[in-house]
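Notes for the one structure printed next.
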Amino acid sequence: MQGNDDMNQMKTADAAVPEEARGLDIHAHADVSNYETTGDPLLDNPKMSARNVNVYYGEKHAIMDVSLDIGGNEVIAMIGPSGCGKSTFLRCLNRMNDTIPICRVKGDIQLDGEDIYHSRQDTVLLRARVGMVFQKPNPFPKSIYENVAYGPRIHGLAHNKIEMDEIVENSLRRASLWEEVKDVLDKPGTGLSGGQQQRLCIARAIAVSPEVILMDEPCSALDPIATARIEELIDELKERFTIAIVTHSMQQAARVSQRTAYFHLGKLIEVGQTKQIFTNPQHELTENYITGRFG
Amino acid sequence: MQTSTVILVLFALCCVSFAVGRFRSRAVGQQAGGIHLLHSLPHHYGYLSAMIAALPALLVLLVWMLLEGRFIEGRVIAGLPADVQALSESRLGLYYNQIIAYAAGGIDASTLSEPQLAAAEQYNALKSESGWLKLALVVVVAVTGSLLVLGRIKPDLRARNHVENIWTWMLFGCSFIAVLTTLGIVLSVLFEAVRFFRLIPATDFLFGLQWSPQIAIRADQVGASGSFGFIPLLVGTLLISFVAMLIAVPVGLMSAIYLSEYASKQFRAITKPILEILAGVPTVVYGFFAALTVAPFIRELGESLGLTVASESALAAGLVMGIMIIPFVMSLSDDIINAVPDSMREASLGLGATMNETIRKVLIPAALPGIVGGILLAVSRAIGETMIVVMAAGLSAKLTVNPLEAVTTITVQIVTLLVGDQEFDSPKTLAAFALGLVLFFVTLLLNVVALYVVRRYREQYE
């Protein structure tokens, strides 16, 4: 179940973790579909599906038996108090957790019915299909053009300069950044404002034409106006992409998402239509969080 | 009265001044209605009075010590017989040196004349008088300074700010000393080099292709013509440094990448110190490693391939120098690559780049300024390195770029020119200073070039 490509490890080889400790046969847990999640975590015909996912950081059990489906062209928001495991779960979806040596992922995660933790799964292709936008804007210290062209270049998506120009322009347009930067494409991306940098990172992610975009608190380092622009952008992007967004802001979840998943202490407590979660939560913990009794 | 005693006394005065300052500020505070009414904490007042006591006194001491010798010399010489005073300057200097040597107990009285003995006595008397005066002056200055501060301690005296200011100036003074020293070294080399260029035209030195600094002492000796063209030395230096960098940069950089990106924590914790031991091996050890092991090995290898290799070759010296430099390049590059934020790695990996692509396209460009800086430091080391080349590269100043032949370097020639008994005004000896000056400028030029490269190509991450 568990691929272990040497190219996807950031700091050190986690080959020391035994195979059997990482992979887990889904069929052993076939009967426990979602024994404690309230609402409807499962969908018909999902884009991505996670079943009985457990994540450990060393001894710490960070995610407990989470099963959740993500539908095509929907925006799903993951909310919950700090340390609840929502970011960790998000990072499982494109195997970014592989870069953390002590992290072990058990369970089954599929993209279009294919097991992404299969040993034959190529993380390079996976991450091209499941892109990611991080909490802090992290443009490369290269020009704006080169930032966007980086992904297409390593995946060989453009055959000549004209095609590359086209990809860059389209990506920047879709990230609604084109009008602001079209005359300064050769200026460093790090010179943009925080909100522009984050839109550049979104442009960079969509330049490789992913199917799913994971956003890990994409607005937490931005001011309210930049946040509003990103939220508008997310709304436009859902026409073409499936988006999973982790956020600390409940208003943001309510504004941008169709479905909302509430995590608490590593468990997926409740999943439902966003409207229903915010107006009529079923679980007591969800209600407490929504109404601001903790968080 | 020894200067060290004076400094000890001054230190004691400072301690007392500190204690009194602190005590008095407390008393003043209490009187005004509580310590909290003081602008600064009591120990700030203490520091202020100690500093005001010490710094001017130290300055006075310094000036006194600089002028003392000259003043005493003038007094002693004025007391000498007229015929002695009429001597030429250098003879008089010699005469006076004998007096000082006797006064210090270095030589015995039998070699000295009557007036010298009398002068020595006068010298000693003056010296001891000066010592007491010095002590008195320092104590007076210190106590005055201290009293001045103590008298002004009031709740609104901003002692903390004054202490900060004085402290800043002290730090400035220390950094200024470093700058002054550099300037002093450059100037001393420069003046000697100018003396050399008076004897040998600068054009001969800078563009000459012949280096044979032997100058005949008598006219009938063979090889009487000294020629001072430094081009062969420069080429030899650059050739050996080039070979060294050819080894050190790839090996150092790649091991740095492995250590920072791929190696496990334990492996890194063990390997890095071991590699850094390489930097601690004395260069003389590398020297005989090069001369006794590497050079013969290269010669045999060359012979088996049908090449003629000199027993002391630029290749052997360069190879060993490269090994010596590896830890510099590695350690510096490793630190720099590690300093690139993880968010850069995540961004690249998140787009589906492999580790290798991430390193080549993101990490190295981001770390480039630091890496170039590290390499530059290594080049400066290579150019300035002496021991390895003295032992392994040879002395023959041949103008060649063939690394299999023996060449010599600027540093080796400086050593050979200055080792042994030398006259300090022959062109042969002065040539060493000219070489030193050139070495200085070559390194400076490299720094400027590297600075330009770094500015031009740096990718600054936030």
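The values are calculated or read from the model by the stated rules, or taken from the named source; none is laboratory data. Everything quoted here is computed from the prediction, not taken from an experiment. Here the Cβ is made from the backbone with ideal geometry for all residues, glycine too, and neighbour counts use every protein chain on show.
Annotation: A:Ala226 fulfils all but one of (1) modelled with pLDDT under 90; (2) closer than 23 Å to A:Leu68 by Cα; the unmet one is (2).
Give the residue that is surrounded by the most Cβ atoms within 10 Å (Cβ to Cβ), with candidates limited to residues of region A:125-165 that are small (Gly, Ala, Ser) and in contact with a Lys or Arg (Cβ under 7 Å, 6 or more places away or on another chain).
As a first pass, look at region A:125-165 and keep what is small (Gly, Ala, Ser): A:128, A:131, A:143, A:149, A:151, A:156, A:158.
Next, only the ones that are in contact with a Lys or Arg (Cβ under 7 Å, 6 or more places away or on another chain) stay: A:143, A:151.
Numbers: A:Ser143: 19, A:Gly151: 28.
Among those residues, the one meeting the criterion is A:Gly151.
Tally the residues that are part of a strand (DSSP E or B), of a type in the set (Gly, Ala, Ser) and within 13 Å of chain B (Cβ to nearest Cβ), restricting the search to region A:103-148.
Initial filter on region A:103-148 (part of a strand (DSSP E or B)): A:103-111, A:114-115, A:130-133, A:143.
After this cut, where a residue has to be of a type in the set (Gly, Ala, Ser) as well, the list is A:107, A:131, A:143.
In the following step, the residues that additionally are within 13 Å of chain B (Cβ to nearest Cβ) were identified as A:131, A:143.
Summing the residues that are part of a strand (DSSP E or B), of a type in the set (Gly, Ala, Ser) and within 13 Å of chain B (Cβ to nearest Cβ) in region A:103-148 gives 2.
The single condition among (1) more than 11 Å from chain B (Cβ to nearest Cβ); (2) free of Cβ contacts under 8 Å to residues at least 60 places away in the same chain that A:Arg153 does not satisfy is (1). Here the helices (runs of 4 or more DSSP H) wholly within region B:1-102 that include at least 2 residues being in contact (Cβ under 8 Å) with a residue 60 or more places away in the chain are B:3-32, B:42-78.
The numbered conditions (1) away from chain A (no Cβ under 14 Å); (2) crowded, with 16+ Cβ neighbours inside 10 Å are all true for B:Phe424 except (2). Candidates B:Ser110, B:Ser17, B:Ser40: the one that is at pLDDT below 85 and not aliphatic (A, V, I, L, M) is B:Ser110. Apart from one condition, A:Thr123 fits all of (1) over 19 Å from A:Leu268 (Cα atoms); (2) touching a His at 6+ places or on another chain (Cβ under 8 Å); the exception is (2). Cβ separations smaller than 8 Å between residues 6+ apart or across chains give no pair from region B:281-303 residues that are outside the structural domain of B:Glu405 (by TED's automatic domain parsing) to residues that are surrounded by 14 or more Cβ atoms within 10 Å (Cβ to Cβ).
The residues in region A:82-102 that are assigned to a loop (DSSP other than H, G, I, E, B) and either modelled with pLDDT under 90 or within 11 Å of chain B (Cβ to nearest Cβ) (or both) can be counted, and the count is 9. Of all residues in region B:405-422, those satisfying the criterion of being touching a Lys or Arg at 6+ places or on another chain (Cβ under 9 Å) and of a type outside the set (S, T, N, Q) are B:Glu405, B:Ala406, B:Val407, B:Leu417. Within region A:255-271, the residues that satisfy the criterion of being crowded, with 20+ Cβ neighbours inside 10 Å and either part of a loop (DSSP other than H, G, I, E, B) or out of contact with any Gly (no Cβ under 6 Å at 6 or more places or on another chain) (or both) are A:Val256, A:Ser257, A:Arg259, A:Thr260, A:Ala261, A:Gly266, A:Leu268, A:Ile269. Comparison of B:Leu233, B:Leu239 shows that the only residue that is crowded, with 22+ Cβ neighbours inside 10 Å and either outside any helix (DSSP H, G or I) or touching a strand residue (DSSP E or B) at 6+ places or on another chain (Cβ under 8 Å) (or both) is B:Leu233. Is it fair to say A:Val271 is modelled with pLDDT of 90 or more and over 30 Å from A:Leu177 (Cβ atoms)? Judged against the criteria, A:Val271 is a match.
Looking only at residues in region B:381-421 that are polar (S, T, N, Q) and either buried (at least 19 other Cβ atoms within 10 Å of the Cβ) or assigned to a loop (DSSP other than H, G, I, E, B) (or both), which one is modelled with the lowest pLDDT? Show your work before the answer.
Step one: of region B:381-421, the residues polar (S, T, N, Q) are B:386, B:396, B:400, B:402, B:408-409, B:411, B:413, B:416.
In the following step, the residues that additionally are either buried (at least 19 other Cβ atoms within 10 Å of the Cβ) or assigned to a loop (DSSP other than H, G, I, E, B) (or both) were identified as B:386, B:396, B:400, B:402, B:408-409, B:411, B:413.
Details: B:Thr386: 87, B:Ser396: 80, B:Thr400: 83, B:Asn402: 85, B:Thr408: 88, B:Thr409: 89, B:Thr411: 90, B:Gln413: 89.
In this case the residue turns out to be B:Ser396.
In region B:343-358 there is no residue matching the filter, namely being within 14 Å of chain A (Cβ to nearest Cβ), surrounded by fewer than 23 Cβ atoms within 10 Å (Cβ to Cβ), closer than 30 Å to A:Asn97 by Cα and modelled with pLDDT under 85. Starting from region A:166-191, take each residue that is on the phi < 0 side of the Ramachandran plot and without any contact (Cβ under 8 Å) to a residue 12 or more places away in the chain and list its partners that are surrounded by 19 or more Cβ atoms within 10 Å (Cβ to Cβ) and assigned to a helix (DSSP H, G or I), counting only C-beta distances under 6 angstrom and pairs at least six apart or across chains. That search, which allows pairs on different chains as well, returns A:Trp178/A:Leu172. Considering only region B:5-24, I want to know if a residue exists there that is surrounded by 16 or more Cβ atoms within 10 Å (Cβ to Cβ), basic (Lys, Arg) and assigned by TED's automatic domain parsing to the domain that holds B:Val143. Yes, region B:5-24 contains a residue that is surrounded by 16 or more Cβ atoms within 10 Å (Cβ to Cβ), basic (Lys, Arg) and assigned by TED's automatic domain parsing to the domain that holds B:Val143. Take A:Gln252 and decide whether it is touching a residue at least 40 places away in the same chain (Cβ under 8 Å), part of a loop (DSSP other than H, G, I, E, B) and either closer than 23 Å to A:Leu214 by Cβ or in contact with a strand residue (DSSP E or B) (Cβ under 7 Å, 6 or more places away or on another chain) (or both). The answer is no for A:Gln252.
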